[in-house]
Amino acid sequence: MTSIVLFAGFDANDDQNLWVTDGTAAGTSELVVAGADPSFGLQPSDLTAFGSEVLFNGSDANGNPNLWVTDGTAAGTSELSVASTNNLQPSDLTVFGSEVLFSGADASTAGQGLWVTDGTGAGTSELAVANTNTFQGFNPTDLTVFGSEVLFAGTDANDYQNLWVTDGTAGGTSELAVAGASSSFGLRPNFMTVFGSEVLFNGLDTSGHDGLWVTDGTAAGTSELPVAGAASFGLNPANFAVFGSEVLFSGESASGSPGLWVTDGTTPVTASSDVPADVPSLTQRFWCEFES
């Protein structure tokens, strides 16, 4: 069996389409896919391996972003015909067992809803979740698989963005009522990162500061970690990277400068002083762990 990599790339016509490579120049080619946008190309994004296929967001012949599937060949690449929409705008595709959860255009609001698919058009549908925003939409983001559930950020009926949990069904999707979250905007969780038996994330507290939070997937098990030496306007942790028994991340120090921090999931301590002026902000960097 030959291993291949799929990716989005521009061709000689400046159209962005789906390409395939085996790691060699001779084995790299553009897939000529039927039904793609004739003006700008397929514009594939959110490529997500799912069994023997890859699901992705692609622009169709009408210029609408919809859900596509491919087996790595042009003939095996097609748009899924999903009932009730021709402009699905799928994003944040997240494999969860035998299905994929994602954010997609909501049928009744101006925003996005929570969708599920088994990789077929007939098996793709929006979950009718209770207590979501009925005007701007649920807008689920940062879907994070955590054991037998998926955690994510979503907007509730009061227009607060809070922490939600789902088992992949409408009835099994609910908002976590977390103590200590901002009473004006909600918890606004982001950068969710699985770390052993918990998830670390950036969250907005009652003071309006972005702090370091931890959750075990329940409301009672969700709290902000007290951090010494953080900026007065909040630690604002970002770009988490699990590193053995610790997690590295960028955060704002008491001087207001970005620094490198480390935590064991309880009380974090600084791993270095503030970043020198001639070093780019750590919030603009990506982590890459390797063995040498």
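The values are calculated or read from the model by the stated rules, or taken from the named source; none is laboratory data. Worth saying up front: this structure is predicted, and the values here are computed from it rather than measured. We place every Cβ from the backbone using ideal geometry, glycine too, and count neighbours over all the protein chains shown. Surface accessibility is based on the protein's heavy atoms, side chains included, excluding ligands, DNA and RNA. Shrake-Rupley method; radii C 1.70, N 1.55, O 1.52, S 1.80 Å.
Looking at the stretch 96-116, can you tell me whether even one residue there is of a type in the set (V, I, T), at pLDDT 95 or above and assigned to a strand (DSSP E or B)?
The answer is yes; a qualifying residue exists.
From the list T77, T24, T28, exactly one residue is within 27 Å of E99 (Cβ to Cβ) and out of contact with any helix residue (DSSP H, G or I) (no Cβ under 8 Å at 6 or more places or on another chain). Which is it?
Checking each option against the conditions leaves just T77.
Tell me, which strands (runs of 3 or more DSSP E) lie completely within the stretch 161-253 with 1 or more residues that are open to solvent by 30 Å² or more (accessible area, probe 1.4 Å) and of a type in the set (V, I, T)?
Passing ranges, in order: 190-195, 238-243.
Do the conditions hold for G41, that is, is it small (G, A, S), part of a strand (DSSP E or B), at pLDDT 95 or above and surrounded by 15 or more Cβ atoms within 10 Å (Cβ to Cβ)?
The answer is no for G41.
Based on what the data block shows, is T267 among the hydroxyl-bearing types (S, T, Y), open to solvent by less than 40 Å² (accessible area, probe 1.4 Å) and within 27 Å of E175 (Cα to Cα)?
So T267 does not fit the description; no.
Here's the yes/no breakdown for (1) under 25 Å from the mean Cα position of the chain (by Cα); (2) open to solvent by 60 Å² or more (accessible area, probe 1.4 Å):
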site: A25; (1), (2): no, yes
site: L31; (1), (2): no, no
site: D37; (1), (2): no, no
site: T48; (1), (2): yes, no
site: G58; (1), (2): yes, no
site: N64; (1), (2): yes, no
site: D71; (1), (2): yes, yes
site: G76; (1), (2): no, no
site: L80; (1), (2): yes, no
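Filter the stretch 2-12 down to residues that are of a type outside the set (G, A, S) and at pLDDT below 95 and give me whichever is nearest to W68 (Cα to Cα).
Ranking the qualifying residues of the stretch 2-12, first place goes to I4.
Which of the strands (runs of 3 or more DSSP E) contained wholly in the stretch 119-159 include at least 3 residues that are under 23 Å from V54 (Cβ atoms)?
124-126, 141-146
Tell me yes or no: at least one residue of the stretch 21-42 is among the charged types (D, E, K, R) and closer than 13 Å to A74 by Cα.
Yes, there is a match, as at least one residue in the stretch 21-42 is among the charged types (D, E, K, R) and closer than 13 Å to A74 by Cα.
Give the stretch 118-134 a look and list any residue that's closer than 16 Å to F152 by Cβ and either surrounded by 13 or more Cβ atoms within 10 Å (Cβ to Cβ) or touching a Leu at 6+ places or on another chain (Cβ under 7 Å) (or both), or say none.
E126, L127, V129, N131, T132, N133
Based on this model, can you work out whether G137 counts as in contact (Cβ under 8 Å) with a residue 40 or more places away in the chain, over 22 Å from G217 (Cα atoms), buried (at least 17 other Cβ atoms within 10 Å of the Cβ) and not acidic (D, E)?
No, not satisfied.
Pull up the stretch 1-23, narrow it to residues that are closer than 23 Å to L88 by Cβ and polar (S, T, N, Q), then point me to the one that is surrounded by the fewest Cβ atoms within 10 Å (Cβ to Cβ).
For the stretch 1-23, the residue satisfying everything is Q16.
In this structure, is L200 farther than 30 Å from D118 by Cβ and under 17 Å from the mean Cα position of the chain (by Cα)?
Spelling it out, L200 is indeed farther than 30 Å from D118 by Cβ and under 17 Å from the mean Cα position of the chain (by Cα).
Give the residues of the stretch 24-49 that are among the charged types (D, E, K, R) and at positive phi, sorted by residue number.
D46, the sole residue that qualifies.
Does V20 fit the bill of being over 23 Å from the mean Cα position of the chain (by Cα) and part of a strand (DSSP E or B)?
Here the answer is yes, as V20 does meet what is asked.
Would you pick out the residues in the stretch 204-235 that are closer than 14 Å to M192 by Cα, of a type outside the set (S, T, Y) and in contact (Cβ under 8 Å) with a residue 40 or more places away in the chain?
Of everything in the stretch 204-235, those that are closer than 14 Å to M192 by Cα, of a type outside the set (S, T, Y) and in contact (Cβ under 8 Å) with a residue 40 or more places away in the chain turn out to be L212, V214, G217, E224.
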